[in-house]
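Trainee: Here's a structure for you.
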Amino acid sequence: MTTAAFGTHNWGMVVDVDKCIGCNACVVACQAENNIPINTQDRVERARSIAWIRVERYWIGDFPDAKAQFIPIMCQHCENAPCEPVCPVYATYHDAEGMNIQVYNRCVGTRYCANGCPYIVRFFNYWEPVWPESLRNHLNPDVTVRSRGIMEKCSFCVHRIRRVARGARSAGVEIADGAIQTACSSACPTSALNFGNFNDPNSKVSKMRDDKRHYTLLDQFGTDPNVIYLAKIDANKKVGAGEASSHG
Amino acid sequence: MQQRRELDQVYTNRKLLNGQLDTPKWWAPTVSILGVIVLLGLIVIAIMINKGLGVTGLSRPVYWGLFITTFVFWVGISHAGIMISAILRLTQAEWRRPVTRAAELLTVFSLLTALVFPLIHAGRPWRIAYWIMPYDVARGIYPNIRSPLIMDPVAISTYLIGSSLFLYIALLPDLGNLRDRTAGWKNAMYTVLALGWRGNPRQWKMQTVGGILLSALMLPIFVSVHSIVSWDFAIAAAVEGWHSTIFAPYFVIGAVHSGVSAVVTMMALMRWLWKWDDFIRPEHFDALARPLIVVATGWLGFTFLELTFALYGQDAPEIALREMQMFEWPWNLLFIIFFLTAYAIPVPMWLFKRVRTNIALMFWTSILVNIGMWLERFLIIVPGLARRTPFVYTWEAYRPSAVEWTIFIWSFAWVTFLMLLFSKFFPLVPLFEQKESQVFTDDVMIGRAKVPAIVREAD
Amino acid sequence: MKLNRREFLALTGKTAAGAVIFAACGLPERELIVQSPVDLPEDLVRGEDAWYATSMGDFTNGDGVLVRVMQGRAKKIEGNPDHPVNRGKATARYDSALQLLYSPDRIREPMLRYSKAGNLVGITWEQADTRFREALANADGALTVVTNPIRGHLGSVASKFAEQFNGKYMPFDPVEQGVLHGAVKSVFGQDQLPTFDISNAQTVLSFGADWLGTWGSPAQFGVKFGEFREQSDRGYLIHAEPRMSLTAAAADLWLAPIPGTEGDLALGIASVIIDEGLVSPQNVAAFDVAVSGGLNNYGVTDVASRTGISVDRIEMAARRFADHTPAVAFGGGSAGAHTNGSFNLGAIYALNVLVGAIDSAGGVVPNPGSAFGDVSASATGEPFEAWESEIANWRAGNVETVIIRGTDIVHGMPNSVAIREALDQVPNVIVFGAVHDDTMDFADLVLPELTFLETWGTDIPEPGPGYQVVGTQQPVVAPTIKRDESGLISNARGFGDTLLAMSDGSYGSSMERIVSDALSDLHDTGRGSVSASTAKLFTNGVMQRGGWWDTSEKGSSSVGKVMAAKKNAEYSETGSLGTGDDFYLAPFLSNSLLDGRLAASPWAQQTPDPVSSASWSTWAEINSIEAKDLGIREGDVLLIRSNSGEIEVLAYPHPGVRPGVIGIPIGQGHKNGGRYAEERGSNVLSILVDEKDSETGALAWAATRVRVQRAGRRVKVPKFEGNVEARPIEPGVPVLVVGIGETSEEAEKANHYEYQKRFLGKEKEADSNE
Ligand SMILES: Nc1nc2c(c(=O)[nH]1)N[C@H]1C(S)=C(S)[C@@H](COP(=O)(O)OP(=O)(O)OC[C@H]3O[C@@H](n4cnc5c(=O)[nH]c(N)nc54)[C@H](O)[C@@H]3O)O[C@H]1N2
Ligand code: SF4
Ligand code: SF4
Ligand code: SF4
Ligand code: SF4
């Protein structure tokens, strides 16, 4: 039996915004999975907190018609990533499986990639990360602890991908759809976050991607993300109101 | 109208070599004070490198702040040297002579200073070697030449090497002169540096040709350097207010504006400090101020275009950026100061010859220009980052920390310190150029009429 | 077609750069990108990991979790995909609980206070045992065991222990659910909470309960909510709560009633349904039986004026609820935390009768009783009324020994009961815990307790999924011993095992034994998800799966009656400060800290609140327009004063809160609690006034009125949101909203039109630009 060669997968995420309830389970799960330093109060106040996935909350309208809209945002793993060409040292690059990779060891901390990224999902380590000795026990040995002075961001939990891929390879089987879950997609109670292989037309994410609600964030930048969003539904919205359909 | 008096060679030598042959009284205390500031700055830099960039006021998404602003500022200042020397040399503008050396020096020292900023602003400066050297040939990982951060050091170091050579070639005759007037270790130093300058016709010819060739070579570099610096920003499509196609000429012309103004400031200082009233004369200020009016107005046009593009594009994030930049506290205050100092106050004043030839007024207006031009860079770089993209949720503010301000001040002390140190060993006004112009402009008797030797003199 | 810059960029980005330039050179863009030959370290995965199934009863309502363990260290907690309650999904609190295991502030050894005025000093377990025995020996009949409401065998051990010494077992829950249990019992005749078949409902109508955030079983409800939205005819959620909670934010229709009028609102909805004849006469008849007293006072206009919600909205909710069935109504949380709480919840649950939603798909699904004879399927705190008399007893010196575990009662009790003074009068206060809490300041004996990751137990989810479920809890890491450089933590013991060691042994020798005996009994029934030849294999099988369930063992219910009394919306008038400008105080459970039990975890502290995005602090949510009128800006330090105290909080004005209401999260304001919690924020529970639900005597924790004053200081709110209020500056960016059946492209087009109209103020021009 043959197993998929490196590069036959195109990992991606489909985010159903209509299902996101803003619970932040994904945020904490990612924090725990990826050894993200503690966002102390000082870091939060100085807008230096690190959250590879964040849940943005937008206000619409005013009381009593006020609405809070949540949207989870992580690295979009752009096929045409504006963060990549600006990195002077190739510390961030695109790999053959559709992921934007961050090589901590090479990064010199110019923060240029962070300026290049329209999604503001790159986070700079302004300080050395510190944990009390006892809390270091929960650090994930699969994930590097980043030193100060370097950039980090969502990796699509690449170590989970590799772990499952390694198992599949030694067992001589293909990676089953859904066998790989990122920490965030695994936590998400409503299944707003869905992870999978876009190269497999039968995968859950491939099917979801064809939903008529699909859109990508900030498509004006032509980044061609591997994270696809499904639009939020407003059940009370009037559809096809004259002006919209007559226009265009 | 000639405003100068006739100077004899001995007077010229004594006056212009007064830095090297005998030291003015103010020199030692000034240099010591600057030295202390420089030292303090270096300590703060060391602390920052040791502790990490947490000591700055940077955040997410304001990843670049005072350091990059000051980097662009000094690169801008560096344009003065080439602007003055190369262009004027090629166009054979005679009035350039007393000004060229100081202008070139300013180029070299401001470039040296500018280069420090991207270095220390990096998170792990000790790994910067990875940037510039193809260090990992075995695994085929070269630096990423698509990144403006690779183009930057290439452009700037080319510029630095070119202008250093330029400076050196122009220094040779004076080095020979100094060698002949000194003894002891100084003599030994000048002997080595003078490269056997004897002042024979072949040497003069080569020196002149070399100067002209370098001038011609440097001009495209001068244009390229600030263009490339502007691409640091223009390439970042994600930052409102950065991704603009007019950035290259806009930055170059702005750099000329601030660089030439900095030369004006420096000339005024030199005239006061070394009492070089006979060499740096009001007509020189006049000659610099006149093109500045044109340059500044051209630059203003670009600034204006930048702002109208925002309105024309109907782009919500860009409009939000401009609103903040111009109307929100404290940016509105900075914007007003910027506009007044970079253009509205100095340029209309320069329209009057009385102002252009008034050294004090020229000194202060040129200082204003550089306050304004520094603010211009700040207002381009930071608000764009603070109002990134339509993700209103991540919009932030930025307040530079004391560490950043200290390093900012350090850079000024450092450039001044280097200039003064240089002045101790090398003439700030090129002796030979000065004398050459003296010969050109001395009155000669033609029949019974006393006329200037040449008619090229500016004025 | 008219382009704005955004669209222009989009076009050039996609076509010009992508196609024209590179196609012309014959080089696809990707060819120019060199894939770096360096790997990131994450590409090389080292070591083997193990995933253990267990439960975390103190932090969930019975969810099944998997704990990832590598080299004896717990690394991560995720949902257990096999477990029927949360089906592999998580909440924002799972991993935070893990940090309590490795908290640098874990109590390392037993501590004794020799006299009430003295300090706690470290002692050995032998000394602690002796002291404990003495305290029990003197306490016959004068013993009270206080815990959080514990489900499963640990709860029954605690209660049997109290019983053995003729003492009382009193679970304490600062955010009382007693009213809820009472209402459920009166409407459905059921002891344990039913579950709500949200997955199959067309319409969900909920009141006061933030079931997507913190109420009930959020992971379970979250999974169901995902399915609710996935239905072909997407479900419609109506939620009534005075402030924007997660559930309110997810709602298709958010109603923000004046606090305490939720029952009126429910009956107002009922009267619209009945008046408009939207449901069958049989249902109306059943409803009339359930709600004695009729709906005379609940005409829609009356209700609109009492609740502060427009007639339109009430009618809209009523029609949707009655027309799109199956529909389910439920409530709890703040809706029940009023003096008329029982009435409110009774009226709300009775709505199910009106739409025939009881015992049916998409409606209310009853839960069966416990699988174990001696363990109740339900756990709830004692009502506040009982607490008041209990604490009076303590103060009077009538109680010799109080054992406290799992709840920081000093932090949780309102000022009015003067708990500190009462504890001072109890000769033996014995407090169990992993991290120092405020109650331990009054303890005579502090016993370090093992966490759920180091101990045995069972858990019976409440609400369950509609059939019988038993969750199991096992030690997934070895109990940690003394401190040393490797970061090992604490010389602790399990609460259950400690009690058992002190007891006569009649109900078990150790928690491990109790659990295995119970599972062995379960094996004998021959039912359920695990079948095995021997009890031992069965036990292992259950432990491996994290529990046992029997999908055929379902619950039943009978429609009872809603009490007729207390129908009028009766907002705590005595709580009023008697001034015109006082606010209704709406305390709510923190999404990450809950009632504060997770405050010692830095992950819990740092997690942004979903609505305000604030962390590490206590803030007050106030309507933004009202705040503007009052001159209150974000970060203003506000003094919140009730009749029973005053706290300081940071103002966070936003549009999602009813004017006149001030929302403050529970969970901060600990004097102790480890480096991450102590002296942080303020404790809103302390200023609750002494108001009770008139039926059950439960604390009416949402029935306090407060006055709000600026302290004159302003600080930065530690929040994740940037420094401007986040409102989209362009319609549809970044959250694109479509109508039912609308495609994203159509929505984008409509947004473009909207943008041009708004932007240029020139409707015509946009129209003519085809
Ligand atoms: N017989 C014999 N004994 C020897 C030696 C010998 O040559 N022969 N050599 C000696 C020498 S020189 C050494 S250095 C020692 C080495 O002895 P050890 O320090 O025991 O080294 P390893 O056997 O490599 O085991 C390290 C463990 O760490 C785990 N690990 C890997 N990465 C991480 C991580 O990021 N986090 C955590 N928490 N765990 C991780 C690995 O899975 C592995 O289980 O042995 C000494 N003992
Ligand atoms: S989202 Fe940002 S960081 Fe991620 S690949 Fe795209 S540009 Fe790079
Ligand atoms: S911060 Fe690191 S990854 Fe980003 S551009 Fe600089 S070196 Fe590259
Ligand atoms: S995919 Fe992994 S790294 Fe990325 S946000 Fe989710 S949990 Fe974090
Ligand atoms: S876990 Fe899922 S529902 Fe919760 S905030 Fe994240 S994406 Fe949204």
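Trainee: Would you check if residue A:160 is under 21 Å from residue A:12 (Cβ atoms), more than 16 Å from ligand 3 (Cβ to nearest atom) and under 15 Å from the mean Cα position of the chain (by Cα)? Outline the logic, then answer.
Mentor: Numbers: under 21 Å from residue A:12 (Cβ atoms): yes; more than 16 Å from ligand 3 (Cβ to nearest atom): yes; under 15 Å from the mean Cα position of the chain (by Cα): yes.
Criteria met by residue A:160.
Trainee: A further question on this structure: From C:421, C:462, grab the single residue that is modelled with pLDDT of 95 or more and at negative phi. Even if it seems obvious, please write down each step before you answer.
Mentor: Working: C:462 fails: modelled with pLDDT of 95 or more.
Sole residue among the options that is modelled with pLDDT of 95 or more and at negative phi: C:421.
Trainee: Out of the residues in the range A:82-106 that are in contact (Cβ under 8 Å) with a residue 40 or more places away in the chain and within 21 Å of residue B:234 (Cα to Cα), state the one that is nearest to the other protein chains (Cβ to nearest Cβ).
Mentor: Here the answer is A:82.
Trainee: What do you reckon, is residue A:207 more than 7 Å from chain C (Cβ to nearest Cβ) and within 16 Å of ligand 3 (Cβ to nearest atom)? Don't jump to the end; show me each part of the working.
Mentor: Values: more than 7 Å from chain C (Cβ to nearest Cβ): yes; within 16 Å of ligand 3 (Cβ to nearest atom): no.
So residue A:207 does not fit the description; no.
Trainee: For the range A:123-144: of the residues being more than 7 Å from chain C (Cβ to nearest Cβ) and assigned to a loop (DSSP other than H, G, I, E, B), which is nearest to residue A:83 (Cα to Cα)?
Mentor: Let us first name the residues in the range A:123-144 that are more than 7 Å from chain C (Cβ to nearest Cβ), namely A:123-131, A:139.
So of that shortlist, the ones also assigned to a loop (DSSP other than H, G, I, E, B) come out as A:125-131, A:139.
Details: A:125: 17, A:126: 19, A:127: 22, A:128: 23, A:129: 24, A:130: 27, A:131: 30, A:139: 28 Å.
So, considering only residues that are more than 7 Å from chain C (Cβ to nearest Cβ) and assigned to a loop (DSSP other than H, G, I, E, B), the one nearest to residue A:83 (Cα to Cα) is A:125.
Trainee: Inspect the range B:269-276 for any residue being surrounded by 24 or more Cβ atoms within 10 Å (Cβ to Cβ) and touching a residue at least 24 places away in the same chain (Cβ under 8 Å) and give the result as yes or no.
Mentor: No - not one qualifying residue is present in the range B:269-276.
Trainee: Go through B:44, B:10, B:55, B:38 for me and flag whichever is modelled with pLDDT under 95 and surrounded by fewer than 22 Cβ atoms within 10 Å (Cβ to Cβ).
Mentor: Details: B:44 fails: modelled with pLDDT under 95; B:55 fails: modelled with pLDDT under 95; B:38 fails: modelled with pLDDT under 95.
Of B:44, B:10, B:55, B:38, the one residue that is modelled with pLDDT under 95 and surrounded by fewer than 22 Cβ atoms within 10 Å (Cβ to Cβ) is B:10.
Trainee: When you scan the range A:145-181, how many residues do you find that are away from chain B (no Cβ under 14 Å), hydroxyl-bearing (Ser, Thr, Tyr) and either in contact (Cβ under 8 Å) with a residue 40 or more places away in the chain or within 15 Å of ligand 4 (Cβ to nearest atom) (or both)?
Mentor: Matching residues across the range A:145-181 total 1.
Trainee: Right, something else. What pairs come up if the first residue lies in the range A:52-78 and is free of Cβ contacts under 8 Å to residues at least 40 places away in the same chain, the second is more than 16 Å from ligand 1 (Cβ to nearest atom) and among the aromatic types (Phe, Trp, Tyr), and their beta carbons are under 6 Å apart, counting only those six or more places apart or on different chains?
Mentor: Filtered contacts from the range A:52-78: A:55/A:70; A:56/B:393; A:57/A:70.
Trainee: Return the only residue of C:451, C:472 being outside any loop (DSSP other than H, G, I, E, B) and crowded, with 23+ Cβ neighbours inside 10 Å. Can you show your working first?
Mentor: Numbers: C:451 fails: outside any loop (DSSP other than H, G, I, E, B).
None of the others qualify; the one that does is C:472.
Trainee: What is the one condition in (1) within 16 Å of ligand 5 (Cβ to nearest atom); (2) within 8 Å of chain A (Cβ to nearest Cβ); (3) touching a residue at least 24 places away in the same chain (Cβ under 8 Å) that residue C:87 does not satisfy?
Mentor: With (1) within 16 Å of ligand 5 (Cβ to nearest atom); (2) within 8 Å of chain A (Cβ to nearest Cβ); (3) touching a residue at least 24 places away in the same chain (Cβ under 8 Å) applied to residue C:87, the lone miss is (2).
Trainee: Please enumerate the residues belonging to the range C:610-628 that are within 9 Å of another protein chain (Cβ to nearest Cβ) and among the β-branched types (Val, Ile, Thr).
Mentor: Of the residues in the range C:610-628, the ones within 9 Å of another protein chain (Cβ to nearest Cβ) are C:610-617, C:623-626.
Answer for the range C:610-628, where residues must be within 9 Å of another protein chain (Cβ to nearest Cβ) and among the β-branched types (Val, Ile, Thr): C:611, C:625.
Trainee: Hey, residue A:79 hits all of (1) modelled with pLDDT of 90 or more; (2) within 10 Å of chain B (Cβ to nearest Cβ); (3) over 30 Å from residue C:600 (Cα atoms) but one; which does it fall short on?
Mentor: Status for residue A:79: all satisfied but (2).
Trainee: Exactly one of (1) more than 7 Å from chain B (Cβ to nearest Cβ); (2) without any contact (Cβ under 8 Å) to a residue 40 or more places away in the chain; (3) under 18 Å from the mean Cα position of the chain (by Cα) is unmet by residue A:16. Its number?
Mentor: Every listed condition holds for residue A:16 apart from (2).
Trainee: Scanning the range A:24-42 for residues that are closer than 20 Å to residue A:128 by Cα and more than 8 Å from every other protein chain (Cβ to nearest Cβ), which turns out nearest to ligand 1 (Cβ to nearest atom)? Don't jump to the end; show me each part of the working.
Mentor: Going residue by residue through the range A:24-42, those that are closer than 20 Å to residue A:128 by Cα are A:30-42.
Now restrict to residues that are more than 8 Å from every other protein chain (Cβ to nearest Cβ): A:30, A:34-37, A:42.
On the way: A:30: 19, A:34: 13, A:35: 10, A:36: 16, A:37: 16, A:42: 28 Å.
Residue satisfying both the conditions and the ranking: A:35.
Trainee: While we're looking at this one, here's another question. Residue by residue through the range A:104-122, note down the ones that are assigned to a loop (DSSP other than H, G, I, E, B) and either buried (at least 22 other Cβ atoms within 10 Å of the Cβ) or within 8 Å of ligand 3 (Cβ to nearest atom) (or both). Talk me through it step by step, then tell me what you get.
Mentor: Taking the range A:104-122 first, the residues assigned to a loop (DSSP other than H, G, I, E, B) are A:104-111, A:117-122.
If the condition is that a residue be assigned to a loop (DSSP other than H, G, I, E, B) and either buried (at least 22 other Cβ atoms within 10 Å of the Cβ) or within 8 Å of ligand 3 (Cβ to nearest atom) (or both), then A:106, A:107, A:108, A:109, A:110, A:111, A:117, A:118, A:119, A:120, A:121, A:122 are the ones that fit.
Trainee: Of the numbered conditions (1) within 16 Å of ligand 4 (Cβ to nearest atom); (2) among the polar types (S, T, N, Q); (3) within 13 Å of residue C:434 (Cβ to Cβ), residue C:103 satisfies every one except a single condition; which is it?
Mentor: The number of the failed condition is (1).
Trainee: Looking at (1) closer than 16 Å to residue A:20 by Cβ; (2) touching a residue at least 60 places away in the same chain (Cβ under 8 Å); (3) within 16 Å of ligand 2 (Cβ to nearest atom), which one does residue A:215 not meet, given that it meets all the others?
Mentor: With respect to (1) closer than 16 Å to residue A:20 by Cβ; (2) touching a residue at least 60 places away in the same chain (Cβ under 8 Å); (3) within 16 Å of ligand 2 (Cβ to nearest atom), residue A:215 is out only on (2).
Trainee: Within the range B:113-146, how many residues are modelled with pLDDT of 80 or more and touching a helix residue (DSSP H, G or I) at 6+ places or on another chain (Cβ under 7 Å)? Let's see the steps before the verdict.
Mentor: Applying the first criterion (modelled with pLDDT of 80 or more) to the range B:113-146 yields B:113-128, B:143-146.
Still in the list and also touching a helix residue (DSSP H, G or I) at 6+ places or on another chain (Cβ under 7 Å): B:113-115, B:117-121, B:123, B:125, B:128, B:143-144.
Residues in the range B:113-146 being modelled with pLDDT of 80 or more and touching a helix residue (DSSP H, G or I) at 6+ places or on another chain (Cβ under 7 Å): 13 in total.
Trainee: Evaluate the following for residue C:65: is it assigned to a strand (DSSP E or B), hydrophobic (A, V, I, L, M, F, W, C) and buried (at least 23 other Cβ atoms within 10 Å of the Cβ)? Spell out how you get there, then give the answer.
Mentor: Details: assigned to a strand (DSSP E or B): yes; hydrophobic (A, V, I, L, M, F, W, C): yes; buried (at least 23 other Cβ atoms within 10 Å of the Cβ): yes.
Criteria met by residue C:65.
Trainee: May I pose another question? Considering the range C:201-250 alone, what residues qualify as being surrounded by fewer than 24 Cβ atoms within 10 Å (Cβ to Cβ) and among the small types (Gly, Ala, Ser)?
Mentor: If the condition is that a residue be surrounded by fewer than 24 Cβ atoms within 10 Å (Cβ to Cβ) and among the small types (Gly, Ala, Ser), then C:216, C:226, C:232 are the ones that fit.
Trainee: Confirm whether residue A:118 is under 25 Å from residue C:730 (Cα atoms), within 18 Å of the chain's Cα centre (by Cα), within 16 Å of ligand 5 (Cβ to nearest atom) and touching a residue at least 40 places away in the same chain (Cβ under 8 Å).
Mentor: Numbers: under 25 Å from residue C:730 (Cα atoms): yes; within 18 Å of the chain's Cα centre (by Cα): yes; within 16 Å of ligand 5 (Cβ to nearest atom): no; touching a residue at least 40 places away in the same chain (Cβ under 8 Å): yes.
No.
Trainee: Something else about it: State whether one or more residues within the range C:721-728 are outside any loop (DSSP other than H, G, I, E, B), at the interface with another protein chain (Cβ under 7 Å from one of its Cβ atoms) and either touching a helix residue (DSSP H, G or I) at 6+ places or on another chain (Cβ under 6 Å) or surrounded by fewer than 23 Cβ atoms within 10 Å (Cβ to Cβ) (or both).
Mentor: Of all residues in the range C:721-728, those outside any loop (DSSP other than H, G, I, E, B) come to none.
No, the conditions are met nowhere in the range C:721-728.
Trainee: List the number of the failed condition for residue A:131; all other conditions in (1) surrounded by fewer than 24 Cβ atoms within 10 Å (Cβ to Cβ); (2) within 16 Å of ligand 4 (Cβ to nearest atom); (3) touching a residue at least 60 places away in the same chain (Cβ under 8 Å) hold.
Mentor: For residue A:131, the failing item is (2).
Trainee: Select from the range C:304-322 the residues that are farther than 17 Å from residue C:353 by Cα and more than 29 Å from the chain's Cα centre (by Cα) and list them in ascending order.
Mentor: Kept after step one, since they are farther than 17 Å from residue C:353 by Cα, are these residues of the range C:304-322: C:304-316.
Within the range C:304-322, C:304, C:305, C:310, C:311, C:312, C:315 qualify.
Trainee: State whether one or more residues within the range A:58-75 are within 16 Å of ligand 3 (Cβ to nearest atom) and more than 8 Å from chain C (Cβ to nearest Cβ).
Mentor: Checked against the condition, which is being within 16 Å of ligand 3 (Cβ to nearest atom) and more than 8 Å from chain C (Cβ to nearest Cβ), the range A:58-75 yields at least one hit.
Trainee: Given the residues A:187, A:176, A:168, which is the only one that is away from ligand 2 (no atom under 16 Å from the Cβ) and either basic (Lys, Arg) or under 20 Å from the mean Cα position of the chain (by Cα) (or both)? Give the steps one after another, and end with the answer.
Mentor: Working: A:176 fails: either basic (Lys, Arg) or under 20 Å from the mean Cα position of the chain (by Cα) (or both); A:168 fails: either basic (Lys, Arg) or under 20 Å from the mean Cα position of the chain (by Cα) (or both).
Answer to the check: A:187.
Trainee: Could you check residue A:173 against (1) buried (at least 18 other Cβ atoms within 10 Å of the Cβ); (2) more than 16 Å from ligand 5 (Cβ to nearest atom); (3) farther than 27 Å from residue B:152 by Cα and say which number it fails?
Mentor: Unmet condition: (1).
The values are calculated or read from the model by the stated rules, or taken from the named source; none is laboratory data. The structure presented is a predicted model; accordingly, all values stated were derived computationally and were not measured. Quick reminder, even Gly has a Cβ in these numbers, built from the backbone with ideal geometry, and neighbours come from all protein chains shown.
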